[in-house]
Amino acid sequence: MVESTAIRYFREVTSRGSIKQAAESLRIAPSAISRQIQGLEDELSTKLFDRGARGMSLTDAGRLLYSYAIENQIKLERIRAQVEEFDSFQRGHVKIAAVEGLLASFLSDFIADLANDYPGISTAVTAVGSRDVADMVSRHEVDLGLVFGRAPRRDLIELARMRQSLYLMVAPHHAMAIRGHCTVKDLDGLRVILPDPSFGIRQELDRVCAQANVRLELCTETNSLAFARAIVAQTGFATFLPREAATPELTAGTLIAIPLRDKRLEATQVTLVQHASRSASPSTIRVTELLVESMKDRSD
């Protein structure tokens, strides 16, 4: 696993342009570097450098080896960081992509608790729609993803699920605010502000309304659930969210959550996903364990 001296010297000569400058950077004798470079060329039976008055430049074979040397360095640095973390789960950096509905309560509470209990673990949280969450996990841009619904890609594995039933959200002065519950048929003609189609919430709602032959009057479309909540609190519009996504407004009394009597909308969920082939760092493993526990506790 440890990188060979010859490869390390070769990479330094390539980046510096000469054995002399590489020797000065590494603080060793130029002859030591020359021996290692010559040894590599003898082992591979090819020239790695063209030597000229302006310094040393890579041959085609040298460029191929340099590409390997850089990739090897990156992998080794990643492994070293992970090995260092094995001494303690309390250090590291974890990247999470999540649907916006989880930011208002669930994730904000989780990150606050994590910061208190594991101050050495830093996090980066990105809020995007479900499709983008899945794409970011698939491209290895984040360690973990929280999507609305089931994992939408085959290269993702599901680690935990948290039921997040959808509710009709209206202001206290809305005509439907006095209802104890409502069915999908009751929504026909309702004036609404909805998240755009990249949101899992919108995708579920569109499917259910289409099956029930119900038409909502879409007045405004947005990529921000916070904006949707603010508009609903001030107008006669309605929207659809899990209770978790509107906790501050429900607590303050500026929104009312009306249960929807529909099996599909009552069974909607949030899923914690990870790429199937990703090698998780110790800190990511610990954050995953804590997220799984939190999702079990907070499932509605």
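The values are calculated or read from the model by the stated rules, or taken from the named source; none is laboratory data. Since the model is a prediction, treat every value here as computed from it, not as a measurement. FYI the Cβ positions are ideal-geometry reconstructions off the backbone, even for glycines, and counts take in every protein chain you see. With ligands, DNA and RNA removed, areas are computed over all heavy atoms of the protein, side chains included. Shrake-Rupley method; radii C 1.70, N 1.55, O 1.52, S 1.80 Å.
Summary table below
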item	result
Sole residue being within 29 Å of the chain's Cα centre (by Cα), under 26 Å from L216 (Cβ atoms) and free of Cβ contacts under 8 Å to residues at least 60 places away in the same chain, chosen from L250, L241	L250
Residue count, region 264-300 (criterion: within 22 Å of A115 (Cα to Cα), part of a helix (DSSP H, G or I) and either in contact (Cβ under 8 Å) with a residue 12 or more places away in the chain or of a type in the set (V, I, T) (or both))	14
Subset of region 241-292 [among the β-branched types (V, I, T) and over 30 Å from T183 (Cβ atoms)]	V273, T284, I285, V287, T288, V292
From A177, A134, residue being farther than 20 Å from F240 by Cα and assigned to a helix (DSSP H, G or I)	A134
Matching option when the condition is polar (S, T, N, Q), surrounded by 14 or more Cβ atoms within 10 Å (Cβ to Cβ) and closer than 30 Å to R78 by Cβ, among T271, T254	T271
L190 of a type outside the set (G, A, S) and open to solvent by less than 10 Å² (accessible area, probe 1.4 Å)	no
Tally, over region 210-230, of residues that are within 21 Å of G101 (Cα to Cα), surrounded by fewer than 17 Cβ atoms within 10 Å (Cβ to Cβ) and over 23 Å from the mean Cα position of the chain (by Cα)	5
Flag if S122 is at pLDDT below 95 and assigned to a helix (DSSP H, G or I)	no
Tally of residues being in a loop (DSSP other than H, G, I, E, B) and either in contact with a Cys (Cβ under 6 Å, 6 or more places away or on another chain) or over 19 Å from S130 (Cα atoms) (or both) across region 212-248	7
Region 89-113 - residue that is farther than 21 Å from R243 by Cα and open to solvent by less than 30 Å² (accessible area, probe 1.4 Å) and, of those, modelled with the lowest pLDDT	G92
Region 147-175: number of residues that are open to solvent by less than 20 Å² (accessible area, probe 1.4 Å) and of a type in the set (A, V, I, L, M)	9
Test: residue in region 114-136 that is farther than 15 Å from M295 by Cβ, acidic (D, E), surrounded by 22 or more Cβ atoms within 10 Å (Cβ to Cβ) and in contact (Cβ under 8 Å) with a residue 12 or more places away in the chain	no
Residue among V208, V192 that is β-branched (V, I, T), over 30 Å from T288 (Cα atoms) and not in a helix (DSSP H, G or I)	V192
Pick from region 56-80, criterion of a type in the set (S, T, Y) and assigned to a helix (DSSP H, G or I), ranking: nearest to T14 (Cα to Cα)	Y66
Hits in region 236-258 (condition: in contact with a Phe, Trp or Tyr (Cβ under 7 Å, 6 or more places away or on another chain) and β-branched (V, I, T))	I258
Matching option when the condition is touching a Pro at 6+ places or on another chain (Cβ under 6 Å) and over 30 Å from S281 (Cα atoms), among I19, I33	I19
Answer from D262, D206, D196 - the residue that is charged (D, E, K, R) and open to solvent by 40 Å² or more (accessible area, probe 1.4 Å)	D206
